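Engineer: Got a structure here, written out as structure tokens. Questions coming.
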2 protein chains.
Amino acid sequence: MLHKAMRYSLFAGGKRLRPAVALAACRAVGGRDDDALTAACALEMLHTYSLIHDDLPSIDDDSLRRGRPTCHVRFGEATAILAGDALQTHAFLVLARHTPRTEAIAPLVLELAEAAGTSGMVGGEIADIEAEGEPPDVAVVEGIHRRKTAALFRAAAGMGGVAGGAGDETLQALRVYGEWLGLAFQIVDDVLDVTSDPATLGKSAGKDHAARKMTFPSAAGIDESQRRARACADAARRALMGLDGSGLLAALAEFTVTRLR
Amino acid sequence: MLHKAMRYSLFAGGKRLRPAVALAACRAVGGRDDDALTAACALEMLHTYSLIHDDLPSIDDDSLRRGRPTCHVRFGEATAILAGDALQTHAFLVLARHTPRTEAIAPLVLELAEAAGTSGMVGGEIADIEAEGEPPDVAVVEGIHRRKTAALFRAAAGMGGVAGGAGDETLQALRVYGEWLGLAFQIVDDVLDVTSDPATLGKSAGKDHAARKMTFPSAAGIDESQRRARACADAARRALMGLDGSGLLAALAEFTVTRLR
């Protein structure tokens, strides 16, 4: 039942954007796709665990995700909590057990754990919960988005670079790219929650507003949010300057904002 | 609030038995305490995360732990879920960031993740939930205990050995020791749930029976459970045969069953 619940959420579709960023970053630094596969899988497992837990009744209480009933609706709350827990563990297990270049394991684990923890994703989650009902503020919401979403995109680009054997300077450029990309992605997500419908989104729409979530549109309006998302995607592309082979990364930045159209 | 909840549960006392096993195993193979400190901290963080999540209303619904209100009673369910999540992440972060011998990082992460995941702790948790109300059976309950509890003790001994630079044969002996120790510990825990009171336990007593949990006493009776616990502790000590400097490990095995008196 546990594995069934893990697979149910992990293989529910989704854009696989974080794995795509990791693979593209690895290619950009001249690595082989095989080198970055563990990073790609670990990122998607980590991300899926966070979705399962965020959807729980005591957190966002969501019943629809990737076009299907959420994990706890389908399998019950206890199994959903444990499936999320096990997916997090499995992310680190896959890195430690299957990464081809063993010298990359420790930095990959470090990069993922930093992004997932209290100064990254989970820290952003709690800030998001604590900000519910507060007066919307652009600086606050950007701070939340940088941790809740952009930290893992930053790690995706960084891990792809590490897996491909990039040097420090290139790694830093990739991380900056990833953080701007993640911020653009989350602002677009906020906008789509207002302007789109559940069938298109594959998850409940209008939930942010109903939950009095602090979002970019609530703090700055739709037009300014769209402008800001494009500016972030441009900043992501600019961070790649001078990096040969980064065409796919640039295309992913462009893809992120084309969802607005 | 997140860090407060993490610290509340992590520093609530407890026997620190898993860290003690890791440090003792490191000493037994001639390592320095400093080498095993990250393993010790990671094990306690991992264990504490599992307690926080197990105590949640949708899992064991427990209100008392280590003599204090459980994390969700004190901080609310959302914060407790995220505090548990972050403690798991932090366990891997500490290993990757602070382990003195960097060549030990990858095997330490692997050992911890294997013990924590679906073939270890979380797998045992779900088996435990699924067995509730089923006819008690010694083989089934021992299988659950080996995964739910003994896997992490096995990892504690193995990680201490890895941190101290042990060779493969010694590592294997330490892991066998750890698994028997963990099984002894869990059987004693089951017995104390029946024979003890909450003030002594620091957690609710009689909960296993109320929840129709499959325990060693329910499957084999109190007397046979006590005999089996002692036999497991003896097996743990026997696994150490030939390992100089394992006096502390042997003493920990003895300590585990003295709680029965």
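Engineer: Would the range B:10-17 turn up any residue that is at negative phi and free of Cβ contacts under 8 Å to residues at least 40 places away in the same chain?
Structural biologist: Yes, that holds for at least one residue.
Engineer: Being away from chain B (no Cβ under 11 Å), in contact with a Pro (Cβ under 9 Å, 6 or more places away or on another chain) and either modelled with pLDDT under 95 or assigned to a helix (DSSP H, G or I) (or both) is the requirement here; does A:Ala96 meet it?
Structural biologist: No.
Engineer: Go through the residues of the range B:114-128 one by one and say whether even a single one is part of a loop (DSSP other than H, G, I, E, B), touching a Leu at 6+ places or on another chain (Cβ under 7 Å) and of a type in the set (S, T, N, Q).
Structural biologist: Scanning the range B:114-128 turns up at least one residue that is part of a loop (DSSP other than H, G, I, E, B), touching a Leu at 6+ places or on another chain (Cβ under 7 Å) and of a type in the set (S, T, N, Q).
One line per residue, one yes/no per condition, for (1) more than 30 Å from A:Arg212 (Cα to Cα); (2) more than 11 Å from chain B (Cβ to nearest Cβ); (3) among the aromatic types (Phe, Trp, Tyr):
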{"site": "A:Ala116", "(1), (2), (3)": "no, no, no"}
{"site": "A:Met121", "(1), (2), (3)": "no, no, no"}
{"site": "A:Ile126", "(1), (2), (3)": "no, no, no"}
{"site": "A:Glu130", "(1), (2), (3)": "no, no, no"}
{"site": "A:Ala151", "(1), (2), (3)": "no, yes, no"}
{"site": "A:Gly165", "(1), (2), (3)": "yes, yes, no"}
{"site": "A:Gln172", "(1), (2), (3)": "yes, yes, no"}
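Engineer: Assuming A:Ala131 fulfils every condition listed in (1) at pLDDT 95 or above; (2) farther than 18 Å from A:His47 by Cα; (3) surrounded by fewer than 23 Cβ atoms within 10 Å (Cβ to Cβ); (4) of a type outside the set (Val, Ile, Thr) apart from one, which condition is it?
Structural biologist: So A:Ala131 meets the others, but not (1).
Engineer: Oh, and also: Six or more apart or on different chains, Cβ under 6 Å: which pairs go from a residue in the range A:218-245 that's under 11 Å from A:Ile187 (Cα atoms) to one that's small (Gly, Ala, Ser) and buried (at least 20 other Cβ atoms within 10 Å of the Cβ)? Could you list them?
Structural biologist: Note: pairs meeting the criteria are A:Ala229/A:Ala184; A:Cys232/A:Ala184; A:Ala233/A:Ala184; A:Ala233/A:Ala253.
Engineer: Now, a different point. Listed residues B:Arg147, B:Arg101; which is out of contact with any Leu (no Cβ under 9 Å at 6 or more places or on another chain), more than 9 Å from chain A (Cβ to nearest Cβ) and closer than 21 Å to A:Leu95 by Cβ?
Structural biologist: B:Arg101
Engineer: Right, here's the next one. Given the residues B:Thr48, B:Thr38, which is the only one that is within 18 Å of the chain's Cα centre (by Cα), among the β-branched types (Val, Ile, Thr) and closer than 30 Å to A:Glu132 by Cβ?
Structural biologist: Going through B:Thr48, B:Thr38 in turn, the sole match is B:Thr48.
Engineer: Do you know which residues across the range A:78-93 are at the interface with chain B (Cβ under 8 Å from one of its Cβ atoms) and out of contact with any Phe, Trp or Tyr (no Cβ under 7 Å at 6 or more places or on another chain)?
Structural biologist: Within the range A:78-93, A:Ala78, A:Thr79, A:Ile81, A:Leu82, A:Asp85, A:Ala86, A:Thr89, A:His90, A:Leu93 meet the criteria.
Engineer: Something else now. Does the range B:55-68 contain at least one residue that is at pLDDT 95 or above, under 17 Å from the mean Cα position of the chain (by Cα) and among the hydroxyl-bearing types (Ser, Thr, Tyr)?
Structural biologist: no
Engineer: Do we find that B:Arg65 is of a type in the set (Lys, Arg) and farther than 20 Å from B:Leu110 by Cα in this structure?
Structural biologist: So B:Arg65 fits the description; yes.
Engineer: For the subset of the range A:50-64 comprising residues that are within 21 Å of A:Thr200 (Cα to Cα) and in contact with a helix residue (DSSP H, G or I) (Cβ under 6 Å, 6 or more places away or on another chain), which member is farthest from the other protein chains (Cβ to nearest Cβ)?
Structural biologist: The qualifying residue farthest from the other protein chains (Cβ to nearest Cβ) is A:Ser63.
Engineer: Something else now. I'd like the full set of residues that are buried (at least 16 other Cβ atoms within 10 Å of the Cβ) and of a type in the set (Asp, Glu), limited to the range B:190-222.
Structural biologist: B:Asp190, B:Asp193, B:Asp208
Engineer: Shifting gears a bit: Quick one: in the range B:30-69, which of the residues that are of a type in the set (Lys, Arg) and surrounded by fewer than 19 Cβ atoms within 10 Å (Cβ to Cβ) is farthest from B:Arg18 (Cα to Cα)?
Structural biologist: B:Arg68
Engineer: Collect the residues in the range A:86-104 that are within 15 Å of B:Ala106 (Cβ to Cβ), small (Gly, Ala, Ser) and buried (at least 24 other Cβ atoms within 10 Å of the Cβ), keeping them in residue-number order.
Structural biologist: A:Ala91, A:Ala96
Engineer: Just give me the residues in the range A:3-20 being of a type outside the set (D, E, K, R) and under 18 Å from A:Leu201 (Cα atoms), in sequence order.
Structural biologist: Answer for the range A:3-20, where residues must be of a type outside the set (D, E, K, R) and under 18 Å from A:Leu201 (Cα atoms): A:Ser9, A:Leu10, A:Phe11, A:Ala12, A:Gly13, A:Gly14, A:Leu17.
Engineer: Does A:Val109 count as in contact with a Phe, Trp or Tyr (Cβ under 7 Å, 6 or more places away or on another chain), surrounded by 21 or more Cβ atoms within 10 Å (Cβ to Cβ) and either modelled with pLDDT under 95 or within 12 Å of chain B (Cβ to nearest Cβ) (or both)?
Structural biologist: When the stated conditions are applied, A:Val109 passes them.
Engineer: Suppose we keep only residues that are under 21 Å from A:Leu181 (Cβ atoms) and over 13 Å from the mean Cα position of the chain (by Cα) within the range A:10-29. Which one would you say is surrounded by the fewest Cβ atoms within 10 Å (Cβ to Cβ)?
Structural biologist: A:Gly13
Engineer: Then there's this: Restrict the check to the range A:190-213 and report whether at least one residue is in contact (Cβ under 8 Å) with a residue 24 or more places away in the chain, under 14 Å from the mean Cα position of the chain (by Cα) and in a helix (DSSP H, G or I).
Structural biologist: Yes, the conditions are met somewhere in the range A:190-213.
Engineer: Here's something else I'd like to know. How many residues does the range B:149-172 contain that are in a helix (DSSP H, G or I) and either crowded, with 23+ Cβ neighbours inside 10 Å or at pLDDT below 95 (or both)?
Structural biologist: Matching residues across the range B:149-172 total 15.
The values are calculated or read from the model by the stated rules, or taken from the named source; none is laboratory data. These numbers come from a predicted model, not from an experiment. Neighbour counts are summed over all protein chains in view; Cβ atoms, including those assigned to glycine, are modelled from backbone coordinates with ideal geometry.
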